[in-house]
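Novice: My questions will all concern the structure given below.
The values are calculated or read from the model by the stated rules, or taken from the named source; none is laboratory data. None of these values were measured; they are calculated from a predicted model. Please note: Cβ atoms are built from the backbone with ideal geometry, for glycine as well, and neighbour counts cover all protein chains shown.
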Amino acid sequence: MKVLVCDPISATAVQTMRARGLEVDVRDTITAEELLAEIPAYTAMVVRSRTKVTRAVLDAASHLKVIVRGGVGVDNIDVASAQAREVRVMNTPAASTDSVAELTLAYLLALARPIVQATLSLKAGKWEKKKFSGAEIQGKTLGVIGTGRIGRAIARRAAALGMRVLGYDVAPGEPAPYLTMTTLDELLAQSDYLTLHIPLLESTHHLVDADLIAKMKDGVRLIHCGRGGVIDEDALYDALVSGKVAGAALDVFESEPPKDTRLFTLDQVIGSPHVGASTKEATARIGDEVAELLINFE
């Protein structure tokens, strides 16, 4: 099997695949134009979130049999076109759970205590002690929209810190002692903090729009380390300016990198460039799972 690695995975995983007889080429900065030209030579490809596997790519991939997405979700892959061409699509949903959950928790704490803003102030030579008064999260309510692996990992951590955790999901799953499932409207009305962990589908595109934000508790703080496109960023900007939403922490965006950077002109917004799964530990686990899937692919 000839494998094209389009996004970074661990060197150990590449070595493992080569040791098991796979021919692996690492092109982890490959452009969309280069991918179209080179994909016909490969039977397998590995992507993470950067590379988009479009219908055009699949049309050009005359020998492709399998795509492995290192991470959660496959929304950067045209799955319908892949299935029509009998190309199997696989991912590694469990490998980055803890990394994304921990980043979400870090953002929750950074919204409660304005650590980022205070650091920037100190670096500017200021001493604005009164400006950066924060709040405790103990006793507050966290709403988790999407209670799959990552949502539940966050809920468990937040409950351990003394938060009341509400969850909403179209498929609620098994009961958990640290999570109270409720309706979406009830969750929105009661949550001091909200975190989103749902896939990007036609039904969830701009799920968080002006109408949904209007149902939220005044002064809510929003964390998004899930999938870009779930939030209407224009509606979020308006809600932040009005004060309806008191703060936001964003790791994902509808366009990456963002074309509109208005959100980051607001002091109450913090963010990162889609680094939820970017830890050494998650990268190693993802690489190991990718290698296992390809080695065992039939």
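Novice: For the stretch 53-121, please list each of the helices (runs of 4 or more DSSP H) lying entirely inside it that holds at least 3 residues being buried (at least 17 other Cβ atoms within 10 Å of the Cβ).
Specialist: Working: elements: 55-60, 79-84, 97-112.
Counting at least 3 such residues, we get 97-112.
Novice: Take the residues of the stretch 240-298 that are of a type in the set (Lys, Arg) and crowded, with 17+ Cβ neighbours inside 10 Å: which is farthest from the chain's Cα centre (by Cα)?
Specialist: Step one: of the stretch 240-298, the residues of a type in the set (Lys, Arg) are 244, 259, 262, 280, 285.
Next, only the ones that are crowded, with 17+ Cβ neighbours inside 10 Å stay: 244, 285.
Working: Lys244: 24, Arg285: 17 Å.
That would be Lys244.
Novice: Yes or no: the stretch 2-25 includes at least one residue that is within 16 Å of Thr283 (Cα to Cα), buried (at least 21 other Cβ atoms within 10 Å of the Cβ), free of Cβ contacts under 8 Å to residues at least 60 places away in the same chain and in contact with a Leu (Cβ under 9 Å, 6 or more places away or on another chain).
Specialist: Among the residues of the stretch 2-25, at least one is within 16 Å of Thr283 (Cα to Cα), buried (at least 21 other Cβ atoms within 10 Å of the Cβ), free of Cβ contacts under 8 Å to residues at least 60 places away in the same chain and in contact with a Leu (Cβ under 9 Å, 6 or more places away or on another chain), which makes the answer yes.
Novice: Taking Leu293 and the conditions (1) under 20 Å from Ile77 (Cα atoms); (2) at pLDDT below 95, which numbered condition does it fall short on, given that it satisfies the others?
Specialist: (2)
Novice: Glu202 fails exactly one of the following numbered conditions: (1) modelled with pLDDT of 95 or more; (2) over 22 Å from Gly276 (Cβ atoms). What is the number of that condition?
Specialist: It fails just one condition, (1).
Novice: Given the structure, is Glu86 within 26 Å of Leu200 (Cβ to Cβ) and either in contact with a Pro (Cβ under 9 Å, 6 or more places away or on another chain) or not aliphatic (A, V, I, L, M) (or both)?
Specialist: Values: within 26 Å of Leu200 (Cβ to Cβ): yes; either in contact with a Pro (Cβ under 9 Å, 6 or more places away or on another chain) or not aliphatic (A, V, I, L, M) (or both): yes.
Against the criterion (within 26 Å of Leu200 (Cβ to Cβ) and either in contact with a Pro (Cβ under 9 Å, 6 or more places away or on another chain) or not aliphatic (A, V, I, L, M) (or both)), Glu86 qualifies.
Novice: Scan the stretch 29-38 and tell me whether some residue there is of a type in the set (S, T, N, Q), in contact with a His (Cβ under 8 Å, 6 or more places away or on another chain) and either modelled with pLDDT of 95 or more or not in a strand (DSSP E or B) (or both).
Specialist: Within the stretch 29-38, the subset of a type in the set (S, T, N, Q) is 29, 31.
Filter again for in contact with a His (Cβ under 8 Å, 6 or more places away or on another chain), leaving none.
Checked the stretch 29-38: no residue is of a type in the set (S, T, N, Q), in contact with a His (Cβ under 8 Å, 6 or more places away or on another chain) and either modelled with pLDDT of 95 or more or not in a strand (DSSP E or B) (or both).
Novice: Might you check whether a residue that is touching a strand residue (DSSP E or B) at 6+ places or on another chain (Cβ under 8 Å) and of a type in the set (Gly, Ala, Ser) occurs anywhere in the stretch 88-106?
Specialist: Step one: filter the stretch 88-106 for residues touching a strand residue (DSSP E or B) at 6+ places or on another chain (Cβ under 8 Å), giving 88-92, 104.
This time we only want the ones that are of a type in the set (Gly, Ala, Ser), so: none.
No, the stretch 88-106 has no match at all.
Novice: Restricting the search to the stretch 162-178, which residues are farther than 11 Å from Thr141 by Cα and surrounded by 15 or more Cβ atoms within 10 Å (Cβ to Cβ)? Give the steps one after another, and end with the answer.
Specialist: Let us first name the residues in the stretch 162-178 that are farther than 11 Å from Thr141 by Cα, namely 168-178.
Across the stretch 162-178, the qualifying residues are Tyr168, Asp169, Ala176, Tyr178.
Novice: When you check Ile77 against the structure, is it more than 19 Å from the chain's Cα centre (by Cα) and outside the structural domain of Ile154 (by TED's automatic domain parsing), yes or no?
Specialist: On the way: more than 19 Å from the chain's Cα centre (by Cα): no; outside the structural domain of Ile154 (by TED's automatic domain parsing): yes.
No; evaluated as a whole, the condition is false for this residue.
Novice: Still on this structure, please answer the following. Which members of the stretch 112-140 meet the condition of being in contact with a helix residue (DSSP H, G or I) (Cβ under 8 Å, 6 or more places away or on another chain), among the charged types (D, E, K, R) and farther than 27 Å from Met163 by Cβ?
Specialist: Glu128, the sole residue that qualifies.
One line per residue, one yes/no per condition, for (1) of a type outside the set (A, V, I, L, M); (2) over 25 Å from Ala110 (Cα atoms):
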| position | (1), (2) |
| --- | --- |
| Thr141 | yes, no |
| Gly148 | yes, no |
| Asp169 | yes, yes |
| Glu174 | yes, yes |
| Ala189 | no, no |
| Leu194 | no, no |
| Leu207 | no, no |
| Ala210 | no, no |
| Asp218 | yes, no |
